[in-house]
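Q: Before I ask anything, let me first share the structure, which is written out below as structure tokens.
Rule-based calculations on the coordinates, nothing more; no lab input. Since this is a predicted model, take the numbers as computed values, not measurements. All Cβ positions, glycine included, derive from the backbone under ideal geometry; neighbour counts span all protein chains shown.
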Amino acid sequence: MSHGDFTLPVQYLREIAEQVRALQGDVSLWLLTAGLTLSQLEDPSLEISFETFHKLVSSSLAFTREPALGLLVGQRLQMSMHGALGYAAASSGSIRQALGLFEAFSRLRFSPVAVATEHGPLEVRVLFTETQPLGAIRRPVLEALVMAGKNILDTVTLDECRIGKVTFPFDAPPYAELARQLFGCEVRYRAGWAGFTLPRSVLDVPLRSADPVAFRQAVSICQRELERLGQSTSFSGRVRRLLLERTSGFPTLVVTARLLHETPRTLHRRLVSEGTTFHELLEDVRHTLAVEHLKLSHFSIEEIAYTLGYSDLSNFRRAFKRWEGMTPTEYRSGHLPQPRPPKAR
């Protein structure tokens, strides 16, 4: 599995590192087993292969001597760790809607495992299925993901919905009682699947945290991320993703080339061979983010212009009119959320 085929947000690696540190493991030495350094771990654009991830998980078990490491890391994976997907889930109108999100977009967070649901007469199974064989790290990875799934359910339901049981497709470990306490329910082993069950009756109960506008915005971001993931095998897709991930200050062509381990001339030549240029990609990213900021309505137009690297507000206005055929003010006024009608008394 290549870098482009394997997805794992760097913040998940950081949580593993924090758990290694909490268990008195040497994080620097742990990273070194996979050829990584602490400074690389702080790079938001860090991408690793599945093979590197496999080495890190295997060595983390050896460094900490904690067989229940997967469960402990899973506890750390709270809603805020899951980016736009977590934000969308937190804004969902029902558990059914939240589960549908993870079925559609789970590969954005960890591509070797897919989320699916099976509906029975009385209960629903939420399954975590390997799309890439996990091999020796199967146990800790599945434990971490199922625990993370429980955390998401607890958050979106405000702890008002409890899972029925948890199942795993491997033998019961010595720490099975710890697993039962952490999940707060029965945990079965040697089952034919990994995941947990929910009562079917809770699927469509309205959630108190529902926010339809925020939900649509977050789903739109997830859809764009999924499209970018499909483009990631192209060199231009890698450059575009790097620019999107560094919105606090876009790197220059020279800096981008250095981050991608290319010379500026080679970067330019490779982009031209794919029918684009660095300037065109930067403009496209600015356009995408400008539209997103204007729809969210959190920043002033001056702040948006500054965020996108325009020192002159008039230059931003001219660029936006070229992109959308109207000024930023006109665009925003047409996309502001409409006020909700008053409730009938």
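Q: Sum up the charges of everything whose Cβ sits under 11 Å from the Cβ of Met81, counting Lys and Arg as +1 and Asp and Glu as -1, but leave Met81 out.
A: Working: positive: Arg14, Arg76, Arg109; negative: Glu15.
Local net charge: +2.
Q: Please work out the Cα center distance from the range 25-93 to the range 131-188, rounded to the nearest Å.
A: After rounding, the separation between the Cα centres reads 17 Å.
Q: Sticking with this one: Can you classify the chain as rounded, prolate or oblate using the Cα gyration tensor, where a ≥ b ≥ c are the square roots of its eigenvalues, rounded means a/c under 1.5, and otherwise it's prolate if a/b beats b/c and oblate if not?
A: Since a/c reaches 1.5 but b/c is at least a/b, the shape of the chain is classed as oblate.
Q: Can you give the calculated 222 nm mean residue ellipticity of the chain, where each DSSP H run of n ≥ 4 adds -39,500 (n - 2.57) and the sum is split over every residue, rounded to the nearest 500 deg cm²/dmol?
A: -16000 deg cm²/dmol
Q: How much net charge surrounds Ala319 when only other residues with a Cβ under 11 Å from its Cβ are counted (Lys, Arg +1; Asp, Glu -1)?
A: Within the 11 Å Cβ shell, the charges total +2.
Q: Could you tell me whether the range 3-202 comes out rounded, prolate or oblate from its Cα gyration tensor? Rule is a ≥ b ≥ c as square roots of the eigenvalues, rounded for a/c under 1.5, then prolate if a/b exceeds b/c, otherwise oblate.
A: Cα axes put the range 3-202 in the prolate bin.
Q: Give me the extension gain from Thr37 to Gln78: residue separation times 0.36 nm, minus the current Cα-Cα distance, reported in nm with one decimal.
A: Here the answer is 12.3 nm.
Q: Treat the count of other C-beta atoms within 10 Å as a stand-in for reagent exposure and order Leu226, Leu69, Leu36 from fewest to most.
A: Exposure proxy ranking, most exposed first: Leu226, Leu36, Leu69.
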